[in-house]
Each structure stands twice: as structure tokens, then as C-alpha cells.
Amino acid sequence: MRPLFNLFNPFFLIIPPVAFILLLFAQFPNANAQRLPNTVKPEHYTLTLAPDLKAATFTGKETIDVVIETPIDTIALNSAEIKFESVTAALGTNTLTAKVTKDAAKQQATFDFGQKLPAGKLKLDIRYTGILNNELRGFYLSKTAKRNYAVTQFESTDARRAFPCFDEPAMKATFSVTLVIDKDDTAISNTNIVDDKPLPDFKHAVMFAETPRMSTYLVAFLVGDFQCLTGSSDGVPIRACATPDQVQSGAFALSAAEFVLHYYDTYFGIKYPMPKLDMIAIPDFEAGAMENFGAITYRESAMLLDTRNASVDAQERVATVVAHEMAHQWFGDMVTLEWWDNTWLNEGFATWMENKPVEAWKPEWHFTQNVARNNQGTLDLDAQRITHTIRAKADTPDEINEMFDGISYGKAGAMLLMVENYLGEETFRQGVHKYLAAHLYGNATAEDFWSTQAEVSHKPVDKIMDSLVSQPGVPILTFGKPEGTTVPVEQQRFFLSSSVKADSTETWTLPVCFKSLEGENCDVLSAAHQSIAKPSAQFLFANAEGKGYYRSSYTPDVYNQLVEHVETDLKPEERIGLLGDQWALMQSSERPVSAYLDLVTAIRNDSNAEVLSGAIVNLEVVYTQIAGNKEERDALSAWVRAKFSPALKSLGDPQPKDSPGKRELRARLLTLVAGIGKDPDAIAAAKSITVRDLSDPRSVDPTLAAAAMYIAARNGDETLFNQMKKTSQDAVDAQMRQTALRGLALFRDPAIEKLALDYAVSGQVRNQDATGFLAYELHSLETQDLAWQYIQDHWDKVTAQLTTYGGEYLVSGTAGFCSQERIDQITAFFSAHKVAASERTLARAKNQIKDCIDLRAVQEANLKAWLSKQ
């Protein structure tokens, strides 16, 4: 699954703020541990489902072939929102009828056949009915203005809402699916159609080929009037499907999939295992995408775009989501985690892998820089007071869905990147192949993977990965002055908060790669105090290629020498890492904010968009969290105008020949100069671009247009608000709709903001977007006070919009405040108004507010003194 970490952040297309790099955990009712007994194993499901799209119900006929390991009295499986009509079993010549007992809290049903069932094979026959819910999970309704669709989203524990099943990843089975649907509708499932029979009452039955062994959460079926573009790669048919008015916008994703499938076939050395690959864009879909085996589902804005008016960021996002979900066809679908405590085996792998084919497909995007930028956000997330180990307890639906966060995705992916860099790409690839080949169509654990890599490489990969998987947090490596042929290094856990002290006993086993004349020299650090070999270089930089999962700190003389080489001898990925380290040290009060701003000054003319992006995000934090009053913010604005306006002007107007990097750099600088800098010329330019974009999207550079629209909104009136609202509702292009909707959350006039908040909870905004809208309003300095009061005053309307992820997203937005008064209010409000599965997020948000208070107390005076000298 690919969550959209920054789905509603208006700067997603430009600069994703670190504070929003949090996956939203799913919302489920409280439940006790829900593990099933291991006495019954499924072998095959035969499913026939008949959805009624008007009544929002469905009927189901199901046969489950099971193996009973030892004689038992009852059979327990998973079921939720299912009404059983009959449950029978054939035992010899007898047909047994079960008494069904349901446990809603455990989401289980127990079948009691009135006698002990012997070990061996048994065939369960189940007749039942269910609902097509509006919760964006299970078997649910998705709607457009013209019609309803029946679609699925089962990860992690929602297949049980569509059919009674053994809904655990290790309980793999094969599936034969038949859908009975209206005559003019189409159906899509995991495999290819093998029969399509006309039926009475204007129906037809669509039968799909039997699947390979797979987990229940990877089953998918969709019903509607979907239309598809077709392609192929390595002999595999590929389709990009959507609603009829959207289908042509799937061409870019289809091209990406064709490239990626061949790339993965070659890289893994194991051919794509399904007879076809479908990608389907769904109007109502909460996550970014879902890796159902052979039938990947997407949110429309994560798959559909028109390259003629799509920003570079939008194209990068679609390409990486496609690559992420296709990586899961091997990591997750073919070889599946044993249990959800190892969620990273699916998500960390796909996060690491997604970047490789995108970099190969579109080298002009320089995607390794994007990876380096994303890793900075992950390091900051993991350095907060509240984090968790990559592998963590996950028994209940709440706990399972809390695993789908920036640690399981980002930290695990960054760990794999670091280990690959240490071993070498080919050695690591051989380990990946051997791991996959050993567990084809089966399940695996973390130990299975790192043991294989250690065996292939003959290096301590098991110790390196175990130390990162089993321990929470980020290590910081402090490098002393070189002594002869060695460099002294100390390691301890790093916290962004200056008020949290590290446990001196925490240590990691880490590959440390120095930049050297030969490229990089890697050594393994395993002790709290250790000396490692000094590299052959003019200066000391301890994160060559920017791929290490640690923070670095240097003595003043070593650091000063490094800064002299920052623009001439460090690669963009390494500059991103250095900026990230210095920013983190400033947040922890190890460095003054003035030192960070001096470093930003040194790289202000950097030609790489991702290098400047990190700096710009952090300047936003300086502006909103460290600057405590209008005078300081105005002085910072003046400094931004003075230092960055020339860089923006030097880029000139957009030209057709501009590289993607230049287009992105222009958009980021415009955002900075018009945003924090409040440059009147830049604001006027943004408004002009937006007017042209709304009337004719192809008349302006789409990358610049996205940035301009957000600036225009921040400085806009009600006329612009209404124009953007109409675009968010009526535009055919999914990217344009999403950009306009994000922009509505940015207007700063209180009267217009009230209109925006009313709109968010009116039911006119899809509920997959509504709480993201509110979360951003909470997180923005200019709108947060009014939004917080509005949410409290209209809680009934707000909660009506909450979806699987929405509650967590809403709570996470409160992290944008910076006062003890707000902590007290937030604590009191959410104590009285519980949001499911949000305890960790609420605690994290309150700690982020505390950290903001501490940061301002420590750094504001230094900022003020520095600004006075500019």
C-alpha cells in the first residue's frame, strides 16, 4: 500500500514539511487480540458475489476448502458486517449444519457443528449477505455524479467485510472468484476472465481464473463501467483503467508500468508471476494505492494525469506510486510477511525499490536527490520523543494499522538503501534474488532476509539490520579531529528535543562511509567509542552519497573546512545530508540557528531544486516557530528577499527547453520569495499565472502553476476562492482538481477561511480529502486558531467526515501549535472526544508542541541577534 503521507499538504507538489511526514494510522474499533487458532488452514476459496449497487448490499456464496490439523470442536474465522444465512460442511456422507456465534469485538465468527471434527480435509459451504459500506474499506461504494461503483480495499484486516475468511497474511490460499453483475457493467479481479455467462434479469456472471497462493488482504474485485487503455511488457498484458471520463489520463501510468515491469523482471531475476496486470483508478479511495495481486488500485490523483498540464512533481509522484505498488507484486504479494509486526518487509522494501526504476526511466529527474530529501524527513520523524522500532507489537487492528507509518516505510527503506550502498548494488541484488526464490508464494520474516544477505555478502548485514530493526530512534555519530591514520567516533541516540537525554547504553552497528579521493571508504562502527580509518580526502565528510541512516556532528575546525567545500566538492545528495544534519543539531540546541542560516546563505545559489527545498522547508519553520513576533518575521522576510530574489530572477521566464530541475527550482524559489519573503513582485506574478492557469491550464508551465496557485490563494479574495472551488469540483483533470482543492485551505481572510471550513464538512468534498483539509488548516500559522475553534464548535460535522485514516490525520494537524495553552486545550478536547487509534499521534503532536516551545525559548534570541546584523 502506498499512503499519501502529504496528501492534503498544499506544498506536497513543492515542499513537503517535515511535520507532515507522518502516515495516518487506520481507525478501527477497540479490539482484543484477534489471532486465529492455527488448527485450521485454508487451501482454496470459491467465491461468488452479487453486488446490488443501488441498494448498497451484496449476497455471497462461498466454499472454503480447509485442512484441520488436529481434531477440534469448532472452527473460528474472521467476519465483520456479515449476516450468515447458512453454514454447512460435508463430512463423509453427512452434511453438517453449523450454529454460528459472532464476536463483533474480535471480528470473528465461530462455527459449531455439534460434534468433534476429525483431522483432515473439510469443505465449508457458506451463504451470507453484506453491505457495500461508505467507509472506504472492505467491499464498499465509490461514487461519481453519474453512478455507483463497487470496489475493494482489504489491507490489512478488511477482507473479512467481504467474505468470511482466515484473514491473516500467513494463511495463504488460492481463490476462484465469480462476480454476478448488471449486464452493461464490467468486472475486474486479480486474474484474467475465463468465462462470461449471460443470466436472467439483465445480469451476467464473470468468472476469473484461479489465483496463485496469496493472502486474503491481496484479493480484489471491482464492478462498474470502467474503461481501460492497454499495453504490454515482457509478454504481460497491462491495462490502465478508470471511469470513462478519466481513462485517457492513464496513459502516463501505463507507460511507467511498461518500463517498470521489465526493469523488475530483470532486477529480481524472477518474472512477474500473474497472467496480467491491471491498474485501476477509483474515485473514492483513501490510500495512495494498494498492491492487490494483479489488480492494483489507486486514488485518481495518484495514477491519472495529463502530461501536457501536469507538474514535474505530479509526474514523479505517479511514477513512484506505480513503481511502489509493482514492487509489491514481488515483495508482499509473491513473498509475504509472516505477520504484521514485520510490515516493513512489505513497505520498506517497496519504498526502497520504487526509486530504482524511476531513476532509470527518467534520469533527468535526478531522483536520487529526491530520495535524499525524503530520508531527511524520516530521520527527523524517528528522532522525535515518540517513535517505535521497525518491528513492533501488532496484534489488534489498531496496532496493525499503526504499523503503516513513516518508520515502516521511510526508515526501513532508508536502512535498505544504506545496506545496499555498503554491500554494493550487485551483491545486494543477488541477496534479494536468493531471498525471493527461497520463499516463492510463501511467507518470510526479517531474519530470513538479513540472514540471506549475510550469507551472500559475507559481511555483518545481520548485525547491522538487527540493530536498526530492533532499536528505536536515530544514532548520531560525533567525529573528532583525525589522529594520524584514524578518526575517533562516538555514537549515541539523537533526539530533536533538547530536553530529552539519550540513554548512553544504546549503540548500533552501522556502516560509515567517508567521502574519499577513491569515491568512498566504508567501515563498520559497532561500539560507543571507536576509531576508524581516516579517508584520503582534503576534508572529512562521513556520509558519502548521503545514504547513511545517522546524523553526523563534527568539531568546529573540521566543520568549517567542510563548509568551504560544500558547493564545490559535495554532491547534491551530500549537500542535502549536511543541511539536514545541521538543521537537526539546531533543533536539538547543539547549534545556534545563526549557524544554520549561515549555511543556507552559502548554498543560496545552488542550482539543484532538492538541495534548496530542504532549506526552504526549514526556513518556514524558522519563520513560524522560532520567530516569535511580527518584527522578527518581517526581518526574516527582508533577508529572504535580499538573498533569494536574485536567484529567482536569474532563472527568467519558463522556456520549453527548461530541464525538469530548472522548472522545479523556479517553483520552489517563487514559493520562498513570495511566501516567507512576501515579495510584492513575486506575489503579483503568482496571481497573474493563476488567472491564466484557471482559464487555460496549458498556457503556463504546470510546475510553476501549482506553486503560483498556492501563493495566489494565500493572498486571494473571495472571487478567486470561488473560481478555485469550481475548479476543484468540475475540472476533468484529477491533478487540477486536487491542486485547486488544496489551495482552498490556504486563504487567510477569516471570512473566506470560514467558507473553506464550511465547505470541507459540507459533504461536497469527498471524505477521503475532508479531514486532510482540516488538518492543514490546523497546521498553518495564519489559519490554525480559527480552524481549531471551528473544529471544536462543529465536532459532529467533523466526525461525520472521518474515514479510515482521517481521524489520525486530523489529530496530527494539532502539532502546528506552539503554546502550553494549546496543549492543555488539545488534551482536554480529545479526552472528551475520542478519536480511534490516535493515542500515539496525539502524544506525538503534544510533544511536537512542547518541542516548539523549547526551540523558541532557546533559539529566538539568537535569531533576533543574527537578523540585526543582516
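The values are calculated or read from the model by the stated rules, or taken from the named source; none is laboratory data. Everything quoted here is computed from the prediction, not taken from an experiment. Don't worry about glycine lacking a Cβ; one is built from the backbone with ideal geometry, like all the others, and counts go over all protein chains shown. For accessibility, only protein heavy atoms count, side chains too; no ligands or nucleic acids. Shrake-Rupley method; radii C 1.70, N 1.55, O 1.52, S 1.80 Å.
Structure notes:
- Positions within segment 383-419 being open to solvent by 10 Å² or more (accessible area, probe 1.4 Å) and more than 30 Å from Arg137 (Cα to Cα), in sequence order: Gln384, Arg385, Leu417
- Test result for Thr70, farther than 28 Å from His324 by Cα, assigned to a strand (DSSP E or B) and either of a type outside the set (Lys, Arg) or at pLDDT 50 or above (or both): no
- Residue within segment 599-619 that is touching a residue at least 60 places away in the same chain (Cβ under 8 Å), buried (at least 20 other Cβ atoms within 10 Å of the Cβ) and either hydroxyl-bearing (Ser, Thr, Tyr) or assigned to a loop (DSSP other than H, G, I, E, B) (or both) present: yes
- Any chance Trp365 is open to solvent by 10 Å² or more (accessible area, probe 1.4 Å), within 24 Å of Leu665 (Cβ to Cβ) and of a type in the set (Phe, Trp, Tyr): yes
- Search result, residues across segment 85-99 that are within 18 Å of Asp65 (Cα to Cα) and either among the charged types (D, E, K, R) or part of a strand (DSSP E or B) (or both): Ser86, Val87, Thr88, Ala89, Ala90, Leu91, Asn94, Thr95, Leu96, Thr97
- Count of segment 233-271 residues, restricted to those that are without any contact (Cβ under 8 Å) to a residue 40 or more places away in the chain and either β-branched (Val, Ile, Thr) or in contact with a Ser or Thr (Cβ under 6 Å, 6 or more places away or on another chain) (or both), is 4.
- Residue within segment 324-333 that is over 30 Å from Gly442 (Cβ atoms) and not aliphatic (A, V, I, L, M) present: no
Residues checked against (1) β-branched (Val, Ile, Thr); (2) over 18 Å from Val318 (Cα atoms); (3) part of a helix (DSSP H, G or I); (4) modelled with pLDDT of 95 or more:
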| position | (1), (2), (3), (4) |
| --- | --- |
| Trp352 | no, no, yes, yes |
| Asn370 | no, no, yes, yes |
| Ile390 | yes, yes, no, yes |
| Lys393 | no, yes, no, no |
| Glu399 | no, yes, yes, no |
| Gly413 | no, yes, yes, yes |
| Val419 | yes, yes, yes, yes |
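- Set Glu545, Glu520: member being among the acidic types (Asp, Glu), within 30 Å of Asp462 (Cα to Cα), at pLDDT below 95 and touching a strand residue (DSSP E or B) at 6+ places or on another chain (Cβ under 7 Å): Glu520
- Taking every residue in segment 461-476 that is farther than 14 Å from Asn342 by Cα and of a type in the set (A, V, I, L, M, F, W, C) and pairing it with any residue that is open to solvent by 40 Å² or more (accessible area, probe 1.4 Å) and assigned to a strand (DSSP E or B), at least 6 positions away or on another chain, the pairs with Cβ-Cβ distances below 8 Å are Ile476/Gln492.
- Sole residue being at pLDDT 95 or above, open to solvent by 20 Å² or more (accessible area, probe 1.4 Å) and either acidic (Asp, Glu) or closer than 30 Å to Thr243 by Cβ (or both), chosen from Lys754, Lys687, Lys725: Lys725
- Hits in segment 78-96 - residues which are closer than 12 Å to Asp158 by Cα and touching an Asp or Glu at 6+ places or on another chain (Cβ under 6 Å): Asn78
- Comparison of Thr174, Thr152 shows that the only residue that is open to solvent by 10 Å² or more (accessible area, probe 1.4 Å) and either in contact (Cβ under 8 Å) with a residue 40 or more places away in the chain or under 23 Å from Thr343 (Cα atoms) (or both) is Thr174.
- Residues of segment 77-94 that turn out to be modelled with pLDDT of 95 or more, open to solvent by 20 Å² or more (accessible area, probe 1.4 Å) and either farther than 15 Å from Asp167 by Cα or not acidic (Asp, Glu) (or both), as a count: 5
- Scanning segment 502-555 for residues that are closer than 22 Å to Ser470 by Cβ, surrounded by 15 or more Cβ atoms within 10 Å (Cβ to Cβ) and of a type in the set (A, V, I, L, M) turns up Leu510, Val512, Val524, Leu525.
- Residue ID - nearest to Met586 (Cα to Cα), chosen from residues in segment 846-857 that are open to solvent by less than 70 Å² (accessible area, probe 1.4 Å) and touching a residue at least 40 places away in the same chain (Cβ under 8 Å): Leu855
- Cβ-Cβ under 8 Å pairs, at least 6 apart or on other chains, segment 73-85 side under 12 Å from Ile131 (Cα atoms) and in contact (Cβ under 8 Å) with a residue 40 or more places away in the chain, far side β-branched (Val, Ile, Thr) and open to solvent by 40 Å² or more (accessible area, probe 1.4 Å): Glu81/Ile131
- Count of segment 114-135 residues which are part of a loop (DSSP other than H, G, I, E, B) and at pLDDT 95 or above: 3
- When Asp717, Asp693 are checked against the criterion of being surrounded by fewer than 20 Cβ atoms within 10 Å (Cβ to Cβ), farther than 22 Å from Pro646 by Cα and not small (Gly, Ala, Ser), Asp717 stands alone in meeting it.
- Within segment 741-790, being outside any helix (DSSP H, G or I), closer than 30 Å to Gln153 by Cα, touching a residue at least 60 places away in the same chain (Cβ under 8 Å) and touching a helix residue (DSSP H, G or I) at 6+ places or on another chain (Cβ under 8 Å) holds for one residue alone: Ala745.
- Strands (runs of 3 or more DSSP E) lying entirely in segment 173-217 (those with 3 or more residues that are of a type in the set (Val, Ile, Thr)): 174-182
- Candidates Phe175, Phe163, Phe208 - the one that is under 21 Å from Val335 (Cβ atoms), among the aromatic types (Phe, Trp, Tyr), touching a strand residue (DSSP E or B) at 6+ places or on another chain (Cβ under 8 Å) and modelled with pLDDT of 95 or more: Phe175
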